[in-house]
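Scroll down for the structure; my scribbles are underneath it.
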Amino acid sequence: MARIAGVDLPREKRIDIALTAIYGIGRYTASRIVTDLEIDPGKKVDTLAENEISQLRDKIQDYKIEGDLRREIDQNIKRLMDINSYRGLRHRRQLPVRGQRTNTNARTRKGKARTISVGRKAKEAARKGG
């Protein structure tokens, strides 16, 4: 089992795809790493030799990944919130940060619907005698 940067790589996947299991390494970076080390990108993780795994470990140490990257991102967001920038305010209010509309949609960021549906509102008004 190949364990790189504290992450167990999926054994049955190709090495260029399996490297994307590491936070901070995408498809492009993974394929660049594999070509730089001259490893066949179609090779499965469980067929890698021990020296290839050690080469991968050494190469990946050059990148900011996993905990260091998460910490940096969190610090950047905290900095935006501390200086009261617009983006920081959007983060603080848990609203979309990058200009998306919020009148409709934005449910992922805002959470479950907080509004009463139109039909329910009408029924409550009728019940109160309004």
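The values are calculated or read from the model by the stated rules, or taken from the named source; none is laboratory data. All figures in this text were calculated on a predicted structure; none of them were measured in a lab. As a convention, Cβ positions derive from the backbone with ideal geometry for all residues, glycine included, and neighbour counts pool all protein chains shown. Calculation scope for accessible area: heavy atoms of the full protein, side chains included, ligands and nucleic acids excluded. Shrake-Rupley method; radii C 1.70, N 1.55, O 1.52, S 1.80 Å.
Values as computed for the structure displayed
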read-out: Ala113 vs. criteria touching a Pro at 6+ places or on another chain (Cβ under 7 Å) and among the small types (Gly, Ala, Ser); value: no
read-out: Counted residues, the range 64-83 - those being farther than 26 Å from Ile4 by Cα and acidic (Asp, Glu); value: 1
read-out: Top-ranked residue in the range 77-130 [being among the β-branched types (Val, Ile, Thr) and open to solvent by 100 Å² or more (accessible area, probe 1.4 Å); ranked as modelled with the highest pLDDT]; value: Ile83
read-out: Filter result (in contact with a helix residue (DSSP H, G or I) (Cβ under 6 Å, 6 or more places away or on another chain) and closer than 26 Å to Val97 by Cα) within the range 28-78; value: Ile77
read-out: Scan of the range 1-43 for residues that are open to solvent by 50 Å² or more (accessible area, probe 1.4 Å) and charged (D, E, K, R), ordered by number; value: Arg3, Asp8, Arg11, Glu12, Lys13, Arg14, Arg27, Arg32, Asp36, Glu38, Asp40, Lys43
read-out: Subset of the range 22-45 [touching a residue at least 40 places away in the same chain (Cβ under 8 Å) and either more than 27 Å from Arg70 (Cβ to Cβ) or in a loop (DSSP other than H, G, I, E, B) (or both)]; value: Ile22, Tyr23, Gly24, Ile25
read-out: Options Gly88, Gly6; residue that is out of contact with any Cys (no Cβ under 9 Å at 6 or more places or on another chain) and touching a residue at least 60 places away in the same chain (Cβ under 8 Å); value: Gly6
read-out: All positions within the range 46-58 that are surrounded by fewer than 16 Cβ atoms within 10 Å (Cβ to Cβ) and closer than 26 Å to Arg70 by Cα; value: Ser54, Arg57, Asp58
